[in-house]
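Participant: Below is the structure I would like to discuss, written out as structure tokens.
The values are calculated or read from the model by the stated rules, or taken from the named source; none is laboratory data. As the structure is a prediction and not an experimental result, all values here were calculated from the model. Heads up, the Cβs are rebuilt from the backbone with ideal geometry, glycines too, and the neighbour counts pull from every protein chain shown.
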Amino acid sequence: MGRFVVLAILFGSAVLGGAVYITFKNSAAIRHNVTAAMENDFNSYAEKAVPEGGLTVATVENQESFGTSKGEVSYSYYVDTKKKWSFALHDKQIVARVPALESATPRTSLKVTRQILAQRATAHQYEVVEAARLKVSEFLKQWLEQQFPKEKNIDLRVVFQGEKGSTSNP
């Protein structure tokens, strides 16, 4: 029953129509309960889907120069699924606020300090934000389609922690 009501609220079910949506939209308590339930369901899903807790969302392979050393460095970025992910409902859109992108230890055969590699990883992070957002969105849509199998056009927006608009209502 609960998921059917959520489905009706999120996507305007023909059976329940606008009355439920209007009630939902005007009830902060219901909106809070629905988003809390989504967070609990997501946490269970994430524990099974990504048991190690790091959802790899982007990789950059780059030729780098460090003084006289030159070679390939692989920078990987992930989102920690064990940190807090929150969901908000705004009209028919689900807004997912997810932890900030983090960089894994870069891989290379070059003799370079971890500190220098970490600085370069941070410098390359801007290159992968949109690809990472897409990957997180795909991951979340897979989960949402399991929750609501009849819905195929889920409107989802992903906001990384620290991005402009991540703490205010969209």
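Participant: Suppose we keep only residues that are part of a strand (DSSP E or B) and hydroxyl-bearing (Ser, Thr, Tyr) within the range 60-88. Which one would you say is farthest from Asn43 (Cα to Cα)?
Facilitator: Taking the range 60-88 as the starting set, the residues that turn out to be part of a strand (DSSP E or B) are 60-66, 69-80, 86-88.
Pick out the ones that are also hydroxyl-bearing (Ser, Thr, Tyr) and you get 65, 69, 74-78, 86.
Working: Ser65: 41, Ser69: 44, Ser74: 29, Tyr75: 27, Ser76: 23, Tyr77: 20, Tyr78: 17, Ser86: 10 Å.
Only one residue fits best here, namely Ser69.
Participant: State whether the residues of the range 106-115 include one that is among the polar types (S, T, N, Q), at pLDDT 90 or above, at negative phi and in a strand (DSSP E or B).
Facilitator: yes
Participant: If a residue must be surrounded by 13 or more Cβ atoms within 10 Å (Cβ to Cβ) and under 19 Å from Leu156 (Cβ atoms), how many such residues does the range 84-117 contain?
Facilitator: Residues of the range 84-117 surrounded by 13 or more Cβ atoms within 10 Å (Cβ to Cβ): 85-90, 92-104, 106-108, 110, 112, 116-117.
Then drop every residue that is not under 19 Å from Leu156 (Cβ atoms), which leaves 85-90, 92-101.
So the count comes out to 16.
Participant: Touching a Lys or Arg at 6+ places or on another chain (Cβ under 9 Å) and at pLDDT 90 or above, is that true of Val159?
Facilitator: Details: touching a Lys or Arg at 6+ places or on another chain (Cβ under 9 Å): yes; at pLDDT 90 or above: yes.
Criteria met by Val159.
Participant: Here is a further query. What is the residue count in the range 135-154 for residues that are in a helix (DSSP H, G or I), surrounded by 14 or more Cβ atoms within 10 Å (Cβ to Cβ) and of a type outside the set (Val, Ile, Thr)?
Facilitator: As a first pass, look at the range 135-154 and keep what is in a helix (DSSP H, G or I): 135-147.
Retained after the next criterion (residues that are surrounded by 14 or more Cβ atoms within 10 Å (Cβ to Cβ)): 135-137, 139-141, 143-144, 147.
Going one step further and asking which of them are of a type outside the set (Val, Ile, Thr), we end up with 135, 137, 139-141, 143-144, 147.
Total meeting the criteria: 8.
Participant: Let me ask something else. Please determine whether any residue of the range 137-154 is β-branched (Val, Ile, Thr) and more than 27 Å from Asp41 (Cα to Cα). Reasoning before the result, please.
Facilitator: Kept after step one, since they are β-branched (Val, Ile, Thr), are these residues of the range 137-154: 154.
Now drop any that are not more than 27 Å from Asp41 (Cα to Cα), which leaves none.
So far as the range 137-154 goes, no, none of its residues is β-branched (Val, Ile, Thr) and more than 27 Å from Asp41 (Cα to Cα).
Participant: Kindly provide the set of residues from the range 99-141 that are more than 19 Å from Gly53 (Cβ to Cβ) and without any contact (Cβ under 8 Å) to a residue 12 or more places away in the chain, ordered by number.
Facilitator: Those that are more than 19 Å from Gly53 (Cβ to Cβ) and without any contact (Cβ under 8 Å) to a residue 12 or more places away in the chain: Thr113, Arg114, Gln115, Gln119, Ala123, Tyr126, Glu130, Leu134.
Participant: What's the number of the condition Ser168 fails, among (1) surrounded by 13 or more Cβ atoms within 10 Å (Cβ to Cβ); (2) at pLDDT below 90?
Facilitator: Result: Ser168 fails condition (1) only.
Participant: Now for a separate question. Please specify each residue of the range 40-99 satisfying the condition of being of a type in the set (D, E, K, R) and under 22 Å from Glu130 (Cα atoms). If you could, list the steps in order and put the result at the bottom.
Facilitator: First, pick out the residues of the range 40-99 that are of a type in the set (D, E, K, R): 41, 47-48, 52, 61, 64, 70, 72, 80, 82-84, 91-92, 97.
Across the range 40-99, the qualifying residues are Glu61, Asp80, Lys82, Lys83, Lys84, Arg97.
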